[in-house]
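Novice: Here's a structure for you.
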Amino acid sequence: MTGQPAFEVISQHKCFDGTVGFYKHNSTSTGTSMRFSVFVPQQGRAGRTPVLYYLAGLTCTEETFMIKAGAQRVAAELGLMLVAPDTSPRGLNIPGDSESWDFGVAAGFYLDATREPWARNYRMYSYITRELRELIEAQFPADPARTGIFGHSMGGHGALVLGMRNPGIYKSISAFAPISAPSQVPWGQKAFGGYLGDDKSQWAEYDATEIVSRLKDAARRPPLLIDQGLGDQFLDKQLPQHVFEAAAGKAGYPLTLRRHAGYDHGYYFISTFMEDHLRHHAKILGK
């Protein structure tokens, strides 16, 4: 390799005979330095492994999943690589980017903004689907043909949207408490209005309920797993999973939506059902 390195190592740690690493690189998609984390299982020393991208939720960073989700033990057993990007560009100091916790910094919503002043840098859709993926496939032992995506809340929205819009890339999808009908709830309306403006046709491109409703091959897609806690403090106002469930049912999309009494929106919930999600992906990607 010549020229500048593709990324900089922040730290690396042995974990279940594999390696958890934290990295940063200069992104052309966002025009900023972007951070990401990767768990490479020991199987990666012998060849390419399936790879899962995890998209985190509002206020989170590239560290959140690796520290809180408890995924590495089962990922090591299954031979799954895990990649967790940051949730937005940082350090831009765009007016208004840090005024609220659900818009701007740490709230990129995994879309490509079209409204100024966000359009130049808030391009998380392109960053995840192209730039970061290409870096991972070039620099780590990830198998491009066995790629999956999952996430939580805002990141669950991202996983559904990126996964359903790019079936040639993402062969498996799952989500924890996703914002699955963003055009109909305050979080999504704020983000879409701010990043995309008033054109509802642009909103529909990033709304999982709208996307699944338009799929012509829904019945032939791989099965989707969603878990939702019934003790989730955001359930009634922000997470109407029944709306997405109805649209998926009408389209014939193979969906398993599990509802769990008592569980809230946080990582105690996520870690409880993480193994189920990893095995869900491993089963599909192993075929």
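The values are calculated or read from the model by the stated rules, or taken from the named source; none is laboratory data. Keep in mind the model is a prediction, meaning the values are calculated, not measured. FYI the Cβ positions are ideal-geometry reconstructions off the backbone, even for glycines, and counts take in every protein chain you see. To get the accessible areas, we keep the full protein, side chains included, count just its heavy atoms, and leave off ligands, DNA and RNA. Shrake-Rupley method; radii C 1.70, N 1.55, O 1.52, S 1.80 Å.
Novice: Starting from the Cα-Cα distance between residue 268 and residue 145, subtract it from 0.36 nm times their residue separation and give me the gain in nm to one decimal.
Specialist: Residue separation times 0.36 nm, minus the Cα-Cα distance, leaves 41.1 nm.
Novice: Another one. Below 8 Å, C-alpha to C-alpha, sequence gap of six or more: please give me the relative contact order for the chain in percent.
Specialist: Relative CO of the chain lands at 16 percent.
Novice: Classify the stretch 127-270: rounded, prolate or oblate, from the alpha-carbon gyration tensor (a ≥ b ≥ c, eigenvalue square roots; a/c under 1.5 rounded; otherwise prolate if a/b is larger than b/c)?
Specialist: rounded
Novice: Summarise the accessible area of the stretch 209-278 (1.4 Å probe, protein heavy atoms) by the percent that is carbon and sulfur.
Specialist: Using a 1.4 Å probe with all protein chains present, the stretch 209-278 comes out at 51 percent carbon and sulfur.
Novice: Sticking with this structure for a sec: Rounded to whole Å and sorted largest first, what semi-axes of the equivalent ellipsoid does the C-alpha gyration tensor of the stretch 33-88 yield via the square root of 5 times each eigenvalue?
Specialist: 22, 12, 8
Novice: Still on this model: Using a 1.4 angstrom probe, figure out how much accessible area the stretch 158-249 has per residue, in square angstrom, rounded to the nearest whole.
Specialist: Accessible area per residue: 37 Å².
Novice: Okay, helix-only estimate at 222 nm for the chain: each DSSP H run of n ≥ 4 adds -39500 (n - 2.57), divide by all residues, round to 500 deg cm²/dmol; what do you get?
Specialist: That comes out to -8500 deg cm²/dmol.
Novice: What's the FRET efficiency of residue 59 with residue 137 using the Cβ-Cβ distance as r and R₀ = 35 Å, to the nearest 0.05?
Specialist: The value I calculate is 0.75.
Novice: Further question: Under a point spin-label approximation (7 Å from Cα along Cα-to-Cβ), what is the residue 205-residue 48 distance to one decimal in nm?
Specialist: That separation, rounded to one decimal, is 2.9 nm.
Novice: With the crude spin-label approximation of a point 7 Å out along Cα→Cβ, what separation in nm comes out for residue 190 versus residue 279?
Specialist: 3.8
Novice: Please compute one quarter of the surface area of the Cα convex hull for the stretch 239-287 and express it in square nanometres.
Specialist: The orientation-averaged projected area of the Cα hull of the stretch 239-287 comes to 4.4 nm².
Novice: Shifting gears a bit: By its C-alpha gyration tensor, with a ≥ b ≥ c as the square roots of the eigenvalues, how is the stretch 54-113 shaped: rounded for a/c under 1.5, else prolate for a/b larger than b/c, else oblate?
Specialist: Since a/c reaches 1.5 and a/b is larger than b/c, the shape of the stretch 54-113 is classed as prolate.
Novice: Nearest 5 percent is fine: what portion of the DSSP beta bridges confined to the chain is antiparallel?
Specialist: Around 50 percent of the beta bridges assigned by DSSP in the chain are antiparallel ones.
Novice: Taking θ as phi - 60°, what are the ³J(HN,Hα) couplings along the stretch 10-20 by the Karplus curve (6.51, -1.76, 1.60), each to the nearest whole Hz, with x for Gly and Pro?
Specialist: Values per residue, Gly and Pro as x: 8, 6, 9, 9, 5, 8, 6, 6, x, 9, 9 Hz.
Novice: Can you work out the Karplus-derived ³J(HN,Hα) for every residue in the stretch 236-241? Use 6.51 cos²θ - 1.76 cosθ + 1.60 with θ = phi - 60°, whole Hz, and x for glycine or proline.
Specialist: Along the stretch 236-241, the couplings run 5, 8, 10, 10, x, 4 Hz.
Novice: Whole angstrom only: what separates the Cα centroid of the stretch 219-287 from the Cα centroid of the stretch 48-62?
Specialist: Taking the Cα centre of the stretch 48-62 as reference, the centre of the stretch 219-287 is 16 Å away.
Novice: Between residue 101 and residue 33, take the C-beta separation as r, use R0 = 22 Å, and let me know the FRET efficiency to the nearest 0.05.
Specialist: Taking R0 as 22 Å, the efficiency between residue 101 and residue 33 is 0.50.
Novice: For the stretch 48-153, which GluC sites (Glu not before Pro) are both in a DSSP coil and crowded by at most 13 other Cβ atoms within 10 Å?
Specialist: Listed in order of number, the matching sites are 99.
Novice: When every alpha-carbon pair in the stretch 1-143 is counted, what percent end up more than 25 Å apart?
Specialist: Of all Cα-Cα pairs in the stretch 1-143, 28 percent lie more than 25 Å apart.
Novice: Next question, about the same structure. Evaluate the distance, in nm, between pseudo-label points positioned 7 Å from the Cα of residue 130 and of residue 9 along their respective Cα→Cβ axes.
Specialist: That separation, rounded to one decimal, is 3.0 nm.
Novice: Work out Dmax and Rg for the stretch 110-208 from the C-alpha atoms and quote the Rg first, both in angstrom.
Specialist: Rg then Dmax for the stretch 110-208, in Å: 13.8, 42.
Novice: For the stretch 166-223, calculate the relative contact order in percent as a whole number, restricting contacts to Cα pairs under 8 Å that are 6 or more residues apart.
Specialist: 38
Novice: What would the Debye equation give as log₁₀ I(q)/I(0) for the chain at q = 0.10, 0.12, 0.16 Å⁻¹, counting only Cα atoms as equal point scatterers?
Specialist: -0.48, -0.70, -1.30
Novice: Right, here's the next one. Filter the trypsin sites (Lys or Arg not before Pro) in the stretch 143-242 down to the DSSP loop ones having no more than 13 other Cβ atoms within 10 Å, then list what survives.
Specialist: Those satisfying the criteria are 216.
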